Amino acid sequence: MTSSVRIELRRGPGPWAAALALALFYVALRRYGAVLTWMDATSAIGASTQLCGPAAAGVAAYCGARALRRRTASHHRLGARTELASTGSELAAYALWVVGAWLAAVAVTLLAAWPNCSWGHPDVVWMLASGAGLIAEIAVGYFVGRLVPTLITPPVVAIVLFFGTGVMLSHVNAWWYFLSPLNSQLWLPFDSLRTSNFALQAAFLTGVALAAGAAAAVRLARTERVSLSTLGVGLFVSVIAAAGLAGGDGHFWTIDTHIEWRCSGHSPTVCVHPAFVTVEAQLNQQLTAIAARTAGTPFQVERFEQRPRGLGGTPTPGAVAFAMDVPVAAAIPDTAVGATVALLNADSCQSAPRLSSARVEQAVVEWVSGQAVLGPDRSTPDPVGDALVDEFNRLGDQAKRGWMTRHADAIRSCSFVVTEHR
């Protein structure tokens, strides 16, 4: 390590910028939510630069403007070292502090998630792309600081990068979506990552970082060949990687390629993805109770399958699908309601033409699932519908099963009429 890098490590803004990056990393992590699987951990790390990246770039802009702001740029030009070496020492020392802090936070996040993880592994290429995005933001901020060495530049850089990455992420179907330094996609256990796209993204961001650092050196020594050559290499790498992303399939992942389960129990059999086995016993208890309440009715069920939402959510013949996003006990009540809605085809009540139908369906879903659910607006009077619900609630369990058998078609189609309460 050169003496200039050691000096910058001690006297530059790196230490307090690293502390700021750590704080913002965990603010972003808390906003992300629970980190309970390797998929969660990788996604959270991908989103970690949402706040610390723009902040680090803002401080880098301050760092890059120092020579011009203090009118010491001539010292760089008259020194024995090339301008690229001087710029590289200052930028490398700063990046070592911030990226080192980010890596420490990544390690803590992975270690914290490890006891809860029962399937899969964190994706290293995705995390490398996230790190490359952080370095690219630092280099771009440093270059802008050299380009516009004013005191207002650092906060402007941070604000523009923060909102700019947000705008890029809002255009998921555009090829340039991949050029964002922020990776905040949600990786679900049924999906498979397209590592090649993350590798291209990492190459693009590395090229941007290289080009921005060289451009900062060119800013002070426009005729220096080594800086111009490095700038050309960085731009070349960025253009080639961007072209690869533009000509690709436009996705970071392939959905529903890991439709696999760990199944247990009998009558019903409950199949959950291996990443969710930590809540398997509690989930089995809830779904077995649902099967018991519907036993002997047209809604009797022998198999439940955890499935992704939307495409890929159709269960195998004779099974009932349910969705679960995180393997925590707090998600089980909503999962039980979702399984009941799928079993009864109660989704049709969202557009039911009769208010009575929706209220009756709510009562049936609550009894079968064993959970309270949000029903239709009670501010609208519906005395006949309420009477029908009261009648159902007064029945014993066996009588409710008989009632469901008689009204199975109306339950499936959410087509109750007021004369059907007998």
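Taken together, the values in this text are just the output of simple stated rules run on the coordinates, not laboratory data. Values in this document were obtained by computation on a predicted structure and should not be read as measured data. For neighbour counting, all protein chains shown are included, and Cβ atoms are generated from backbone atoms with ideal geometry for every residue, glycine included.
Laid out as a table, the results:
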{"quantity": "Calculated FRET efficiency for the pair A387/H266, C-beta based, R₀ 41 Å, to 0.05", "calculated": "0.55"}
{"quantity": "Phi to ³J(HN,Hα) by Karplus 6.51 cos²θ - 1.76 cosθ + 1.60 over the stretch 94-102, Hz, x for Gly, Pro", "calculated": "5, 5, 4, 5, 5, 5, x, 5, 4"}
{"quantity": "Built amide H within the under 5 Å cut-off of T269, gap 5+", "calculated": "R303, F304"}
{"quantity": "Phi-based couplings in Hz for the stretch 121-129 (Karplus 6.51, -1.76, 1.60; Gly and Pro marked x)", "calculated": "7, x, 8, 5, 5, 4, 5, 5, 5"}
{"quantity": "Other-chain or far-sequence residues with amide H under 5 Å of R262's (modelled H)", "calculated": "V272, H273"}
{"quantity": "Span from the the stretch 185-207 Cα centroid across to the the stretch 21-51 one, whole angstrom", "calculated": "16"}
{"quantity": "Neighbourhood charge, 12 Å Cβ-Cβ cut-off, centred on S130 and excluding it, Lys, Arg +1 and Asp, Glu -1", "calculated": "-2"}
